[in-house]
Amino acid sequence: MKQTPQLEAIQRAMQPGAITAEGFLGADPRPLGDILIADEAAVRRLGLSHARIAGRMRELAAAGSRGLGLPTAVPPHFEVAVESVRGKLPCPFGHAGVYPKTNVVVRNLASGRQIVFTDLNIHLIAAHGFYEGLGSPFRCDPATLAEILEIAPEPPEAPAAAAGAL
């Protein structure tokens, strides 16, 4: 994908020290457009959408926030803790508003695996299909999210002709 001037400006805002100390790209040398395309393809291969992934993340974060910082059991076999840190972060894509600095730690007790994500990660995935660059401390790999959070593929859409046959 050709890197547009707009994507170039966004990628500069994602560099270490611009918004966060570590930035959003890690050691990933690819242009932002290529990162977005690769993650879009990964999500499609999983039979998912960014909205479905972000929705599951949002659901678990909300359940965990009821624990007021303590680990909370979430059926069927998750433990979720939401840790708040002072401050808020803006969206590097330029969306209005800021996102609280929270770390959501989800532990899948059945698999023994866990993942950490933030409120900003949820927004970046839902609104921009951005999972952060390879090597970023808050990179949320789509396949890892689907596996740990147990996100089932979306059911295939019924063909239009079959829908009218009833």
- Flag for LYS2 being among the basic types (Lys, Arg), open to solvent by 80 Å² or more (accessible area, probe 1.4 Å) and touching a residue at least 24 places away in the same chain (Cβ under 8 Å): yes
- Note on the structure: Among (1) part of a loop (DSSP other than H, G, I, E, B); (2) under 18 Å from ILE19 (Cβ atoms), TYR99 falls short only on (1)
- Filter the stretch 127-138 for residues that are under 23 Å from GLY112 (Cα atoms) and either within 8 Å of the chain's Cα centre (by Cα) or without any contact (Cβ under 8 Å) to a residue 60 or more places away in the chain (or both) and give the result. TYR131
- For the stretch 105-156, how many residues are in contact with a strand residue (DSSP E or B) (Cβ under 7 Å, 6 or more places away or on another chain) and in a strand (DSSP E or B)? 9
- Task: For residues that are out of contact with any helix residue (DSSP H, G or I) (no Cβ under 7 Å at 6 or more places or on another chain) and in a strand (DSSP E or B), scanning just the stretch 71-87, find the one that is least open to solvent (accessible area, probe 1.4 Å).
- Result: GLY87
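Conditions tested, residue by residue: (1) aromatic (Phe, Trp, Tyr); (2) in a strand (DSSP E or B); (3) open to solvent by 50 Å² or more (accessible area, probe 1.4 Å).
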| residue | (1), (2), (3) |
| --- | --- |
| ALA21 | no, no, yes |
| ASP28 | no, no, no |
| ILE35 | no, no, no |
| ARG52 | no, no, yes |
| ALA63 | no, no, no |
| LEU89 | no, yes, no |
| HIS95 | no, no, yes |
| ASN103 | no, yes, no |
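The values are calculated or read from the model by the stated rules, or taken from the named source; none is laboratory data. Owing to the predicted nature of the structure, the values given are computational and were not obtained by experimental measurement. We place every Cβ from the backbone using ideal geometry, glycine too, and count neighbours over all the protein chains shown. What goes into the accessible areas is simple: the full protein's heavy atoms, side chains included, and nothing from ligands, DNA or RNA. Shrake-Rupley method; radii C 1.70, N 1.55, O 1.52, S 1.80 Å.
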